[in-house]
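Everything on this sheet refers to the single structure shown next.
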């Protein structure tokens, strides 16, 4: 490890307050459980309520981080300036037609937050319906949540979180006058307008569990709102949405691998919800309305890579579902959209997405595909909010190609480029190389890898590498463009994304292979990718910085325990590392819904043993660890701050090396760090400065 990146004197040492918990006959020793505040729910909403001893320890760690990274401050400033130079400051989105208006988002020069604007569809002056900068001005943290215009376009429902806790306050704005109504609804999740006066919303409880659906009439006291639905199963989270046809409100309730949907006709929003198909173990489905039918994206009948079925609105239960797009092994259908005259879906083959469509009433054999040529790329489906249209919008990017917005005419096949994200400081895709390769994991599985590097980077094993991974919940890592990433690549880094098991890049089986006792496949895949990068001379052992966040932080923690000799450094962002303790605690907001991923260690000794075998906090041992940067957020409801704090405390007390170990806790925000398009660059600059220092790069402003 670079000799100049050693631990500083007087690193914070957390108090050792031993506790022992016995589960399934196994004693679990925890010296740092006290870092979990008894009033954590209160502190999540108001971080200044954190108990003094805990806050003092976190602040001491922050001061230690500041001292250890002091020599990179000028570099961080340079990195922020570079990244900001790649952002078009006076930018705007491509307007989207919806009814009598075209809606868009616009940024003024230098503004952190956008303006939500609209113009008459047939031309006319611009209206600002929400200036987010004005709303955020008085807040240390501000995160805009949902924004939804009512079907009559007279009211904007908008929500905001002002501390990172993800408890959002809902506000109603008259779009003609620009004024907000004099009341709010607190702790709101998703919302859906039925008509210009009626709105459905989900309420989040004190445990951050979205479990109740209410119906609100605009202008009435929210305390009189009608409770429409209550979810009693703590594993299930509830959401509401308005279907594109406008005919139905959908209430979706489910966990990661199982769900249930009910519908309410917007023509009579007082009608009780009608269940499409009752929850069934292992059954997943989503629905779209199209004329007299519902289209259903589902894994029913063993369709592990999903298929599309159809049923009459009058008979929506599973007994009446019939195949429309049959299941095909290795072809993962990841999204479905229904227009009045078109069925559109996104599918993924061999870790690459594509968009397919067919006219209503035509056989699936007549389906068309929107094709692309690069080895690795990312697609985003952005269908029109209008139901009766032939226009479909999508976004395209690759590691070398900035994001592009296309409008596509489904009737003619004409593709119109509406916008390419501008890089004001300049960008030449020909200066960079993107390749897709594979690495053989411990059991022979071929793991896809996306690699980006500058054309002048030597491929002789001397280049440093940043290796990124996630690998949980079926989330696939897109091979997309990142302007920030160029600050590393331009300094000689190879940037690699390991598409490890736990995602769905290669279909549902790729995800299923890393659940429950198969979770270590994620970690073996990641390490195998690193070894293949070394074998192929992209980099070398001791030249790789690894990075992952949340469940990707679990991946980083496991990789540190399993193969510390490979890494020059590690960046673990809000890492899920105290896995066993968290999954044993059913009072935490997300835990019950997590059992379908990891197993329930409360009731299952096998699940307990499986999780204990890899939980990074529990597997810390006496060995040398590379320089490590860990982040946390006091208001984080997803990975509570004490997980990374406990992990750092145990690592510092146990590891045998003198390499730097830092914990940086955001004392005023949560899972997603700083808000605002420029403020968030500071987080990226810190990570990149750490990576450069970890590989022994010369630390200077340039």
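In table form, for the structure just shown:
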| quantity | calculated |
| --- | --- |
| Single residue of region 363-381 satisfying the filter (crowded, with 17+ Cβ neighbours inside 10 Å and part of a strand (DSSP E or B)) that is farthest from the chain's Cα centre (by Cα) | 370 |
| Hits in region 94-103 (condition: without any contact (Cβ under 8 Å) to a residue 60 or more places away in the chain and within 13 Å of residue 419 (Cα to Cα)) | 95 |
| Which listed residue is surrounded by 15 or more Cβ atoms within 10 Å (Cβ to Cβ) and over 30 Å from residue 176 (Cβ atoms), from 130, 75 | 75 |
| Verdict on residue 262 being within 14 Å of residue 215 (Cβ to Cβ), within 28 Å of the chain's Cα centre (by Cα), without any contact (Cβ under 8 Å) to a residue 40 or more places away in the chain and part of a strand (DSSP E or B) | yes |
| Qualifying residue in region 39-49 (condition: touching a helix residue (DSSP H, G or I) at 6+ places or on another chain (Cβ under 9 Å) and loosely packed, with under 13 Cβ neighbours inside 10 Å) | yes |
| Total residues in region 119-145, condition free of Cβ contacts under 8 Å to residues at least 40 places away in the same chain and over 23 Å from the mean Cα position of the chain (by Cα) | 15 |
| Test: residue in region 505-519 that is in contact (Cβ under 8 Å) with a residue 60 or more places away in the chain, touching a helix residue (DSSP H, G or I) at 6+ places or on another chain (Cβ under 8 Å), surrounded by 21 or more Cβ atoms within 10 Å (Cβ to Cβ) and under 18 Å from residue 572 (Cα atoms) | no |
| Single residue of 481, 493 found to be modelled with pLDDT of 95 or more, out of contact with any helix residue (DSSP H, G or I) (no Cβ under 9 Å at 6 or more places or on another chain) and crowded, with 23+ Cβ neighbours inside 10 Å | 481 |
| Set 688, 641: member being closer than 29 Å to residue 10 by Cβ, crowded, with 24+ Cβ neighbours inside 10 Å, outside the structural domain of residue 203 (by TED's automatic domain parsing) and out of contact with any strand residue (DSSP E or B) (no Cβ under 7 Å at 6 or more places or on another chain) | 688 |
| Given (1) more than 18 Å from residue 385 (Cβ to Cβ); (2) modelled with pLDDT under 95; (3) touching a strand residue (DSSP E or B) at 6+ places or on another chain (Cβ under 6 Å), number of the condition residue 121 does not satisfy | (1) |
| Those strands (runs of 3 or more DSSP E) lying entirely in region 9-114 with at least 2 residues closer than 22 Å to residue 579 by Cβ and touching a strand residue (DSSP E or B) at 6+ places or on another chain (Cβ under 8 Å) | 19-23, 26-30 |
| Criterion violated by residue 220 - all others in (1) without any contact (Cβ under 8 Å) to a residue 40 or more places away in the chain; (2) within 25 Å of residue 345 (Cα to Cα); (3) not in a strand (DSSP E or B) satisfied | (2) |
| Residue count for region 295-313, restricted to those that are under 27 Å from residue 512 (Cβ atoms) and assigned to a strand (DSSP E or B) | 9 |
| Of all residues in region 439-473 being free of Cβ contacts under 8 Å to residues at least 40 places away in the same chain and in a strand (DSSP E or B), the one that is farthest from residue 521 (Cα to Cα) | 454 |
| Residue under evaluation residue 297, criteria (1) out of contact with any strand residue (DSSP E or B) (no Cβ under 9 Å at 6 or more places or on another chain); (2) at pLDDT 95 or above, criterion not met | (1) |
| Candidate set from region 633-664 (those that are modelled with pLDDT of 95 or more and in a strand (DSSP E or B)); member that is farthest from the chain's Cα centre (by Cα) | 659 |
| Scan of region 148-168 for residues that are at pLDDT below 95 and either surrounded by fewer than 18 Cβ atoms within 10 Å (Cβ to Cβ) or assigned to a loop (DSSP other than H, G, I, E, B) (or both), ordered by number | 162, 163, 164, 165, 166, 167 |
| Qualifying position, being in contact with a helix residue (DSSP H, G or I) (Cβ under 6 Å, 6 or more places away or on another chain), assigned to a loop (DSSP other than H, G, I, E, B) and under 27 Å from residue 504 (Cα atoms), among 244, 235, 279 | 235 |
| Complete set of residues in region 405-422 that are closer than 26 Å to residue 360 by Cβ and assigned to a loop (DSSP other than H, G, I, E, B) | 410, 411, 412, 413, 414 |
| Failed condition for residue 363, given (1) without any contact (Cβ under 8 Å) to a residue 12 or more places away in the chain; (2) within 21 Å of residue 509 (Cβ to Cβ) | (2) |
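The values are calculated or read from the model by the stated rules, or taken from the named source; none is laboratory data. Keep in mind that this is a model prediction, so the values were computed, not measured. Counting neighbours? That spans all protein chains shown, and the Cβs are built from the backbone with ideal geometry, glycine included.
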